[in-house]
Amino acid sequence: MAQIVVDNLVKTYRVAERTPGLWGALRGVARRTHRTVRALDGVSFSIDRGELVGYIGPNGAGKSTTVKALSGILVPDGGRCEVAGRVPWRDRIAHVAEIGVVFGQRTQLWWDLPVIESFDLLREIYRVPGDRYRQARDQMIELLDLGALLDVPVRQLSLGQRMRADLAAALLHGPAILFLDEPTIGLDAVSKLAVRDFIKQINRDRGVTVILTTHDMDDIEALCTRVMVIAGGKILSDGTLVALRAQVTRERWLTVDLVDAGAAIDEPGATEIRRDGHRVCLAFDPEVVPPAALIQRLAGRHAIRDLFVENPPIEAIVARLYASHGQAP
């Protein structure tokens, strides 16, 4: 049975419009005009317990609106939304006890308090029994390496340190579902890896369902077994990364390091898409030109130092999907 069910969810906003300049400002005072934006336009999906789902789309696509509806912050205009059998905005107290939410650009910790005191306050807010709280707290401190940060005021933490503390705070009450909105935004490489490893571990070891919204495609490739793509308030794709690639293109890339940087490559079925000095990147369809045959022909005509075949990066795949539906990335 699905843990999260969303069926034909709709949310619209009225957005004020104003003509630029002084005349526009004066006109706006006398008569204000509005337009209607459909942030969610019939969004439907279901998520089973223990899934780790990436939810991606361009700015303004409807990602955060969906997460806010699922977490009970926002009431949609229409459609069905149930999380663990509850309607989030109708039964908020019971609902928030079962979910954790982390927004990359916000914090649920108290700015001037030490980290440990924020944890203690959250324990009181969620009414977590003492023994259960201490066990969860100690486990989070160990997993996220927070021991040296517990007595530090939140305002003195680096971004990466605060994000680790926020992840711990979101899980102290033992939620079954974790919503992550841009959790690695602005983090350095080391902090990103630490956050990714932690997300993967709680999903694998504790069975926590994770919904991850992000613009960082490396997060998606490293973590997610399923990816939903939304744009213009509509779901464009829902499935594995392999299925997403197959939906958009069969294209593969062959990158070749040539001995002669000026050598021209003219191979039937292959298109040069990028050249940087000695390195040339060719796009080809493996069902039209088998990789082995293409490599053999190139090696017979050119002196080659090195080569490798790869899929186009997921960023390129997603950008093409947006473009095919008339959406700007």
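Rule-based calculations on the coordinates, nothing more; no lab input. As the structure is a prediction and not an experimental result, all values here were calculated from the model. Positions of Cβ are backbone-derived with ideal geometry, glycine not excepted, and every protein chain shown enters the neighbour counts.
Sorted ascending by nearby beta carbons within 10 Å, beginning with the fewest, Leu70, Leu143 become Leu143, Leu70. In terms of other Cβ atoms within 10 Å, Ser158, Ser71 run from fewest to most in the order Ser158, Ser71. Quick one: work out the % antiparallel among DSSP beta bridges in the chain, nearest 5. Of those bridges, close to 70 percent are antiparallel.
Tell me, Kirkwood radius of segment 250-311 from alpha-carbon pair distances, in Å?
11.5 Å
Here the ratio of the Cα radius of gyration of segment 156-273 to 2.2 N^0.38 Å is 1.46. How many percent of the alpha carbon pairs in segment 61-108 exceed a separation of 13 Å? In whole percent, the long-distance tail amounts to 56. Put simply, the amide H of Gly42, placed in the peptide plane, has neighbours under 5 Å in Leu9, Val10, Lys11, leaving out anything fewer than 5 places away on its chain. Each of Ile141, Ile185, Ile125 has some number of other Cβ atoms within 10 Å of its Cβ, and from fewest to most they run Ile125, Ile185, Ile141.
The average projected area of the chain, computed from the convex hull of its Cα atoms over all directions, is 23.5 nm². Ordering Ala168, Pro268, Gln105 by Cα displacement along the dipole of the chain toward the positive end leaves Gln105 in first place; charges were set at the Cβ atoms of Lys, Arg (+1) and Asp, Glu (-1).
Pairs exceeding a 18 Å alpha-carbon distance, out of Lys11/Lys63; Lys68/Lys234; Lys68/Lys192: Lys68/Lys192. Any aspartates and glutamates with Cα under 18 Å of the Lys200 Cα? List them, leaving off those in the same chain fewer than 8 positions away. Correct list for Lys200: Asp48, Glu51, Glu142, Asp145, Asp166, Asp181, Glu182, Asp216, Asp218, Asp219, Glu221.
With the simple model of a label 7 Å out from the Cα in the direction of the Cβ, Thr12 to Trp110 spans 4.4 nm.
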